[in-house]
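Visitor: Here you go, one structure.
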Amino acid sequence: MMKPLWIFDLDNTLHDATPHIFPHINRSMTAYLQQYLQLDEAAANELRVHYWQRYGATLSGLMRHHGTKPEHFLWHTHQFPDLERMVLREPRLRHVLKALPGRKVVFSNAPQRYAQAVLKLLRVADLFDDVMAVEQTRYRPKPDSFGFMRLLRRHRVAAAQCVMVEDSLENLYAAKRLGMRTVWVNAGNKSAPCVDVKIRNVMQLPGILSRIV
């Protein structure tokens, strides 16, 4: 079998964004909705969550229903004056990624500037052939299939040659529908039909190679 193209999500896949980064982004998005949609904090937070649950990204709901300019939204909601302190780096990550056969890309709903900064802080940026951020999907974030198809064309690979490593089940459903092999990064007990292999964190990837490649 040909060496696969590994497609990695970024936040909560290659690093743990839950303690510091996600709360910061959520607060920033809520504040953005307060300011530009003239909502109080509770209503803004409720709408942020609603759009995220319905569309997979708050940005998608804002663009669809409010004509929000994506560049404006992403700039204001992804300001990190202290990103170095917020990123939790696993020292073994570089060794784990180097142990995987084949090329590797990052496919994230985050903006390019942020994704590149996080990868640099994780000290693994040089291990990836490409970083496909939300700008490269024309602001049609996962689980929309548009970005997946664009990534496949960009790297001239068939879906069957790809392994998607991701913490979002909705995004894995999209990957599996296209024919990709899927690895779900999740510490819980449940599984799903779209999941080929489930791991608690990416540190376990070398141990499941025979089951996925």
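Visitor: Mind checking which lysines have their Cα closer than 21 Å to the Cα of LYS190? Skip sequence neighbours fewer than 8 apart in that chain.
Guide: LYS176, LYS198
Visitor: Continuing with this model, one more query. Using a 1.4 Å probe on the protein heavy atoms only, what accessible surface does TRP75 show? Give it in Å² to the nearest 10.
Guide: 140
Visitor: Grab the other residues whose beta carbon is less than 9 angstrom from that of ASP9, score K and R as +1, D and E as -1, and report the net. Display every interim value, and only then the final one.
Guide: Working: positive: LYS142; negative: ASP11, GLU166, ASP167.
Once all neighbours under 9 Å are counted, the net charge is -2.
Visitor: For the chain, report the accessible area per residue in Å² (1.4 Å probe, heavy atoms, rounded to an integer). Mind showing how you got there, number by number?
Guide: Numbers: 10740 Å² over 213 residues.
Counting only protein heavy atoms, the per-residue value for the chain is 50 Å².
Visitor: For the stretch 27-94, what is Rg from Cα atoms divided by 2.2 N^0.38 Å, rounded to two decimals?
Guide: Numbers: Rg = 14.3 Å, N = 68, 2.2 N^0.38 = 10.9 Å.
Taking N as the residue count of the stretch 27-94, the ratio is 1.31.
Visitor: To the nearest 10 square angstrom, what accessible area does THR68 show with a 1.4 Å probe?
Guide: Here the residue's solvent-accessible area equals roughly 20 Å².
Visitor: Per residue of the stretch 74-89, what does 6.51 cos²θ - 1.76 cosθ + 1.60 with θ = phi - 60° give for ³J(HN,Hα)? Whole Hz please, x for Gly and Pro, Karplus curve as stated.
Guide: Rounded to whole hertz, the list is 5, 4, 6, 9, 10, 9, 10, x, 10, 4, 4, 6, 7, 7, 9, 8.
Visitor: Can you give the angle from 0 to 90° between the axis of helix 112-122 and the longest principal axis of the chain, with both taken from C-alpha atoms, to the nearest 10?
Guide: Between the helix axis and the principal axis of the chain, the angle is about 50 degrees.
Visitor: Report the one residue of GLN79, LEU127, LEU37 whose Cα lies farthest in the direction of the positive end of the charge dipole of the chain (charges on C-beta: Lys and Arg +1, Asp and Glu -1; origin at the Cα centre).
Guide: Selected residue: LEU127.
Visitor: Still on this structure: Could you give the nm distance between label points at TRP75 and LYS120, where each point is 7 Å from its Cα heading toward the beta carbon?
Guide: It is 1.9 nm.
Visitor: Further question on the same structure: GluC sites (Glu not before Pro) within the stretch 46-145: which are DSSP loop residues with at most 16 other Cβ atoms inside 10 Å?
Guide: Working: sites: GLU46, GLU71, GLU84, GLU135; in loops: none.
Counting only loop positions with at most 16 other Cβ atoms within 10 Å, none of the GluC sites (Glu not before Pro) in the stretch 46-145 qualifies.
Visitor: Tally Lys and Arg at +1 and Asp and Glu at -1 over the other residues with C-beta under 11 Å from the C-beta of VAL197: what net charge comes out?
Guide: Details: positive: ARG181, LYS198, ARG211; negative: ASP196.
In short, +2.
Visitor: Then there is this: What Kirkwood Rh does the chain have if only Cα atoms enter the pairwise 1/r average? Answer in Å. Let's see the in-between values first.
Guide: Values: mean 1/r = 0.0564 Å⁻¹.
Answer for the chain: a Kirkwood hydrodynamic radius of 17.7 Å.
Visitor: Using only Cα atoms, what is the ratio of the radius of gyration of the stretch 1-53 to 2.2 N^0.38 Å?
Guide: Working: Rg = 16.1 Å, N = 53, 2.2 N^0.38 = 9.9 Å.
After normalising by residue count via 2.2 N^0.38 Å, the value is 1.62.
Visitor: Could you give log10 I(q)/I(0) at q = 0.11, 0.13, 0.21 Å⁻¹ for the stretch 80-197, computed by the Debye formula over C-alpha point scatterers of equal weight, without solvent?
Guide: Computed log10 I(q)/I(0) values: -0.38, -0.54, -1.38.
Visitor: Then there's this: Quick one, what does Rg over Rh come out to for the stretch 103-153 if you take C-alpha atoms and the Kirkwood Rh? Mind showing how you got there, number by number?
Guide: Numbers: Rg = 10.8 Å, Rh = 11.1 Å.
Across the stretch 103-153, the Cα-based Rg/Rh ratio is 0.97.
Visitor: While we're looking at this one, here's another question. Provide the gained length on full extension for the span HIS50 to LEU178, in nm with one decimal, where the gain is 0.36 nm per separating residue minus the Cα-Cα distance. Could you put the intermediate results ahead of the total?
Guide: Details: separation 128, 0.36 × 128 = 46.08 nm, distance 2.66 nm.
Residue separation times 0.36 nm, minus the Cα-Cα distance, leaves 43.4 nm.
Visitor: If you line up the long axis of helix 145-155 against the longest principal axis of the chain, both from Cα atoms, how many degrees apart are they, to the nearest 10?
Guide: 50
The values are calculated or read from the model by the stated rules, or taken from the named source; none is laboratory data. The model shown is predicted, which means the values in this text are computed figures rather than measured ones. Backbone-built Cβ (ideal geometry, glycine too); neighbour counts: all protein chains shown. Surface accessibility is based on the protein's heavy atoms, side chains included, excluding ligands, DNA and RNA. Shrake-Rupley method; radii C 1.70, N 1.55, O 1.52, S 1.80 Å.
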